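Taking it in order: structure first as structure tokens, then the write-up.
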Amino acid sequence: ESARTEMHRLYGKRPAPLITIQFETLVQNLRYAAETEAAQRQDGWQIYQAEWMFGSKEDESPLLIEGARLRCKIDRVDRHEKTGHLRVLDFKTSDKARSPLEAHTDKIGPRKKLAESDLWKTFEHSDGHTYLWRDLQLPLYAAALRARGLRPDAVGYFALPKSVQETGVQLWEDFDDAWI
């Protein structure tokens, strides 16, 4: 209700139709996000840290990669109240929700030809497949937590796609040390 009051304060008692539509879309998105958050809480997940900064000059346990200090802000780290497991969540808004594995890698089959400039981005995983890195965000976040002596058990997205019915937590299936 306070959001509606603010909308009226900013745009008057009868805002333009486009503003009203955008506002109602926002309210619907927030409702689905709140329902998802409530379900996660019911399942035992609690926020351990939010917007956690790593790699500043004051950071006593930075993640160093070939001597370069990784600077990042992790959207959220959750801890399960019963198991103590940790998980890293990155909030993602998008047109369509994608799995973390799809967002980070491409599986390379034997017929796929790669540009020579992409070869350095490939690796063979312990599952026997070859992958091409597209993004390193979640594995680097997991590595940054390890530099602090923490071991995340899962990484994933709190997905907020345009199709609000797809709102939810999407974990990286089979994420393990090999990905880090």
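The values are calculated or read from the model by the stated rules, or taken from the named source; none is laboratory data. Just so you know, these numbers come straight off a predicted model, no measurement behind them. Virtual Cβ from ideal backbone geometry, glycine too; neighbours counted across all protein chains shown. Heads up: the accessible areas ignore ligands, DNA and RNA and are worked out on the full protein's heavy atoms, side chains in. Shrake-Rupley method; radii C 1.70, N 1.55, O 1.52, S 1.80 Å.
Values for this structure:
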read-out: Neighbour count of at most 14 Cβ within 10 Å plus DSSP loop: longest GluC sites (Glu not before Pro)-free window in the chain; value: 82-172
read-out: Viscosity 1.306 mPa s, temperature 10 °C, Stokes-Einstein D of region 1-70 from Kirkwood C-alpha radius, µm²/s; value: 98 µm²/s
read-out: Rounded percent of accessible protein surface that carbon and sulfur make up, the chain, 1.4 Å probe; value: 50 percent
read-out: Computed [θ] at 222 nm, helices only, for the chain once each DSSP H run of length n ≥ 4 contributes -39500 (n - 2.57); value: -9000 deg cm²/dmol
read-out: Crossing angle, helix 137-147 versus the chain [Cα axis fit, 0-90 degrees, rounded to tens]; value: 70 degrees
read-out: Dipole axis of the chain (+1 Lys, Arg; -1 Asp, Glu on Cβ), positive-most option in A16, A38, H104; value: A16
read-out: Antiparallel bridge percentage (DSSP; both residues within region 33-91; nearest 5); value: 100 percent
read-out: Cα gyration tensor category, rounded, prolate or oblate, for region 21-180 with a/c compared to 1.5; value: oblate
read-out: Loop sites in region 70-111: trypsin sites (Lys or Arg not before Pro), DSSP, at most 10 other Cβ within 10 Å; value: K82, K96, R111
read-out: Accessible area expressed per residue, the chain, with surrounding protein chains retained (probe 1.4 Å, Å²); value: 65 Å²
read-out: Between region 24-66 and region 86-157, the Cα center-to-center distance that results, in Å; value: 19 Å
read-out: Trypsin sites (Lys or Arg not before Pro) restricted to DSSP loop in region 1-58 with at most 11 other C-beta within 10 Å; value: K13, K57
read-out: Given charges at beta-carbon only (K, R positive; D, E negative), |dipole| of region 13-60 in Debye; value: 520 debye
read-out: Isotropically averaged projected area of region 35-129, using the convex hull of Cα atoms (one quarter of hull area), nm²; value: 10.1 nm²
read-out: Antiparallel bridge percentage (DSSP; both residues within the chain; nearest 5); value: 75 percent
read-out: Anchor K73: lysines whose Cα lies under 22 Å away (excluding residues fewer than 8 positions away in-chain); value: K57, K92
